[in-house]
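Here is the structure we will look at.
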Amino acid sequence: MIDLLGTAAGAALVFAATDIDDIVVLTLFFVAARNTGRPRTWEIVAGQYLGIAALVLASAVVAAGLLVVPDPWTGLLGLLPIALGVRALRHSDDDEAPAVVTGALGVAGVTIANGADNVAVYVPVFRALGPADSAVFVLVFVVLVALWCAAGAWLGGHPRVTRAVEKAGHRLVPAIFIAIGVVILVSSGVVGHLLDRAG
């Protein structure tokens, strides 16, 4: 029983450490849902679950030695939030914040792009775990995704957050997505890798 609790606590710590930035993204999605109706609440939740599930599955496959992920190239996923942010900037008007993504697959795509670095953490963790402990990790992740979505929904409904996004949302929301993409590209080392190949 103590081992089970320790494993669950470890899973919660790993999830929180790797997904803290998802709270910001989820909050923006929920604000967009309130202001524009897109993405819908169920699409945000479903997309978050799909994205995290894809990251966990990819990590488990890599941990089992069935696939080798070329390390810095995963950083190219940072191009997705940049593209979404640029598109939203180009199509925004002065009256409302743009819906950066409009469906569950869009939310999942942003979650995967934003969590590409999670794989680097999850792989060694899953390598070290047995089947029972891996199942505990997955169950804890399932619960915490729901908690993350609830936190994002609460923040997205907070009057101060909503007012801030309403005031500057047509520029702020796309800018945050572009910033997330740039951070992914830079922190992954893919930019340096591309410069080395070009040089």
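The values are calculated or read from the model by the stated rules, or taken from the named source; none is laboratory data. Keep in mind it's a predicted model, so treat the numbers as computed, not measured. Please note: Cβ atoms are built from the backbone with ideal geometry, for glycine as well, and neighbour counts cover all protein chains shown. Each accessible area value is taken on the protein alone, full model and side chains, heavy atoms only, with ligands, DNA and RNA left out. Shrake-Rupley method; radii C 1.70, N 1.55, O 1.52, S 1.80 Å.
The modelled label-to-label distance between residue 86 and residue 12, using points 7 Å beyond Cα along the C-beta direction, is 4.2 nm. Atom-type composition of the exposed protein surface of region 1-61 places 73 percent of the accessible area on carbon and sulfur (1.4 angstrom probe).
With a simple spin-label model that places each label point 7 Å from the Cα along the Cα-to-Cβ direction, the separation between residue 54 and residue 5 comes to 3.8 nm.
Compute the Rg/Rh shape ratio of region 100-155: radius of gyration over Kirkwood radius, all on alpha-carbon atoms.
In region 100-155, Rg relative to Rh is 1.05.
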